[in-house]
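Here is the structure we will look at.
The values are calculated or read from the model by the stated rules, or taken from the named source; none is laboratory data. These numbers come from a predicted model, not from an experiment. As a convention, Cβ positions derive from the backbone with ideal geometry for all residues, glycine included, and neighbour counts pool all protein chains shown. With ligands, DNA and RNA removed, areas are computed over all heavy atoms of the protein, side chains included. Shrake-Rupley method; radii C 1.70, N 1.55, O 1.52, S 1.80 Å.
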Amino acid sequence: MTSLFQLEAVSKTFGQGAKAVPVLRAISLTLDHGELCAIMGASGSGKSTLMALMGLLDRPSGGRLLFRGRDLTAAPADDLAGIRNRDIGFVFQAFHLLPRLTARDNVALPLLYRGTPRPVALAEADARLEQVGLAHRRHHRPAELSGGQRQRTAIARALVGRPSVLLADEPTGNLDSRSAEEIMTILTRLNAGDGVTVVIVTHDPSIAATCRRRIVISDGRLCEDSRPVLDTAVPVPAERGRP
Ligand SMILES: Nc1ncnc2c1ncn2[C@@H]1O[C@H](COP(=O)(O)OP(=O)(O)OP(=O)(O)O)[C@@H](O)[C@H]1O
Ligand SMILES: [Mg+2]
């Protein structure tokens, strides 16, 4: 089976000439369906930049990036947006929910943008909120939710388009340890139960320890790519069937 992501000597440089800042240098890695992977590294090492490339939000300056075996290095922007919409869910540290909308409407929004009829989008939003244990809070606005509940709403929103991969950039960075644990329980369950491939950028070693694979970036270089043996070995799930 082809990998989900294949990065071949990917580099990223911001700016040009004397102002050029090399941020990622010759990163090569393969990510398979069903993986649960932590990305660690010091602040400024290039983790979010790497996530932006994998999320097709930005393009490499050098090297090749393949998704499901297709080289996207020079793909048209519309193609990248299409793949992003269909296949990739994002979760960020700062939640990025719209304050005026209820949890339910926030979660339904990506589908509404796509032209899904409102009743269908709302039913799908309810199902995803149920999945993260928030069905009872669906009519609340973000300000009426705790940090952990906001992040669960953001995860439900990321899932609403049924992506095959979830990219989470410090999803627990703004949360207390108990809420962080809840978020990790949800992410690991999505991975093990539903076969969603999950990549988590984190500074927290205890969160990284729950992931089967750990990648460490240092100064833009991949300096570790390991699969520590976990206490609770979970078999890698097959790719979930797509509706
Ligand atoms: N658009 C940009 N233009 C110029 N430099 C950038 C840009 N985006 C990121 N950088 C630089 O790239 C380097 C890596 O940034 P990045 O955000 O990927 O780090 P990070 O590992 O995610 O850090 P943190 O843990 O603090 O989130 C930093 O030095 C940053 O200043
Ligand atoms: Mg970052």
- Query: At a 1.4 Å probe, what is the % contribution of carbon and sulfur to the accessible area of the chain?
  - Reply: 52 percent
- Query: What net charge do the residues around Ile88 carry, taking every other residue with its C-beta under 12 Å from that of Ile88, with Lys and Arg at +1 and Asp and Glu at -1?
  - Reply: +3
- In debye, nearest 20: dipole of the chain around its Cα centre with unit charges on the Cβ of K, R (+) and D, E (-)? 500 debye
- Item | Gaussian network model of the chain, Cα within-10 Å springs - most flexible of Ser11, Ser164, Ser146 | Ser146
- Item | Amide H contacts of Thr210 (H built 1.01 Å from N, under 5 Å, at least 5 apart or other chain) | none
- Item | Anisotropy class of region 178-217 from Cα gyration tensor, a/c 1.5 cut | oblate
- Item | Built amide H within the under 5 Å cut-off of Ile39, gap 5+ | Ile200, Val201, Thr202, Ile215
- In whole Hz, what ³J(HN,Hα) sequence does region 55-68 give by Karplus (6.51, -1.76, 1.60; θ = phi - 60°), x for Gly and Pro? x, 6, 8, 8, 10, x, 7, x, x, 10, 10, 10, 10, 6
- Query: In terms of modelled amide H atoms, which long-range or inter-chain residues lie less than 5 Å from the amide H of Leu166?
  - Reply: Gly89, Thr197, Val198, Val199
- Taking θ as phi - 60°, what are the ³J(HN,Hα) couplings along region 77-86 by the Karplus curve (6.51, -1.76, 1.60), each to the nearest whole Hz, with x for Gly and Pro? 4, 5, 5, 4, 4, x, 5, 4, 4, 7
- Note on the structure: For region 137-145, Karplus-derived ³J(HN,Hα) couplings (6.51, -1.76, 1.60; θ = phi - 60°; whole Hz; x for glycine and proline) come out as 10, 5, 8, 8, 8, x, 5, 9, 10
- With an 8 Å cut-off on Cα pairs and a minimum separation of 6 or more residues, tell me the relative contact order of region 3-92 in percent. 34 percent
- Item | Per residue solvent-accessible surface (Å²) - region 74-154, probe of 1.4 Å | 51 Å²
- The alpha-carbon pair-distance distribution computed for the chain, with 10 angstrom bins and whole-percent values, is 7, 31, 36, 21, 4, 0
